[in-house]
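Where a number appears in this text, it was derived from the coordinates with a stated rule and is not lab data. What you see is a predicted model; the values in this text were computed from it and never measured. Glycine also receives a Cβ, built like all others from the backbone with ideal geometry; neighbour counts cover every protein chain displayed.
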Amino acid sequence: MAIADFKKPFHIMTRTETADGEGGRTSSWTTGAAVSIAPANDQSLEARKASKDGVTSLYSFVFDKTLTGIVYDTYLKRDSDSAYFRITSDPVDYESPTVTTLNQRKATAERIGVLPT
């Protein structure tokens, strides 16, 4: 099996802020670019302990190096169930060496209930 066999469709979520007319700002989210990501739920002992302490579900996302729009604090929506995720690491720190043909990056992510306002 290849990594492509595990990839699922996601969309990058884009935040827009506008003036609310009363001196404040309101946020809204739009669905952005479609991306293909291989997600894996972290079931390690540490992740399970963190989950009991209130930390959301932890994931590892593997994707192509060409997806430069996925950086720390990017929000994504999984197409299959509309679940939201926030990238919690810098994918550049976890990329395959240039001497290989793999051309992949990895990032940690947390599943969140709703997008922040």
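Projected area of the chain, taken from the Cα convex hull and averaged over every viewing direction, in nm²? Working shown, then result.
Numbers: hull surface 37.0 nm².
Taking a quarter of the hull surface, the average projection is 9.2 nm².
Rounded to the nearest Å, what's the spacing between the alpha carbon centres of the range 1-39 and the range 87-117? Just the number, please.
15
How far, in nm, would the chain grow between residue 60 and residue 45 when pulled straight, counting 0.36 nm per residue and subtracting the alpha carbon separation? Don't skip to the end; give the middle numbers.
On the way: separation 15, 0.36 × 15 = 5.40 nm, distance 1.51 nm.
3.9 nm is the gain from fully extending residue 60 to residue 45.
Using Cβ contacts closer than 10 Å as the measure, can you line up 1, 13 from fewest to most? Mind showing how you got there, number by number?
Details: 1 5, 13 18.
Result, fewest neighbours first: 1, 13.
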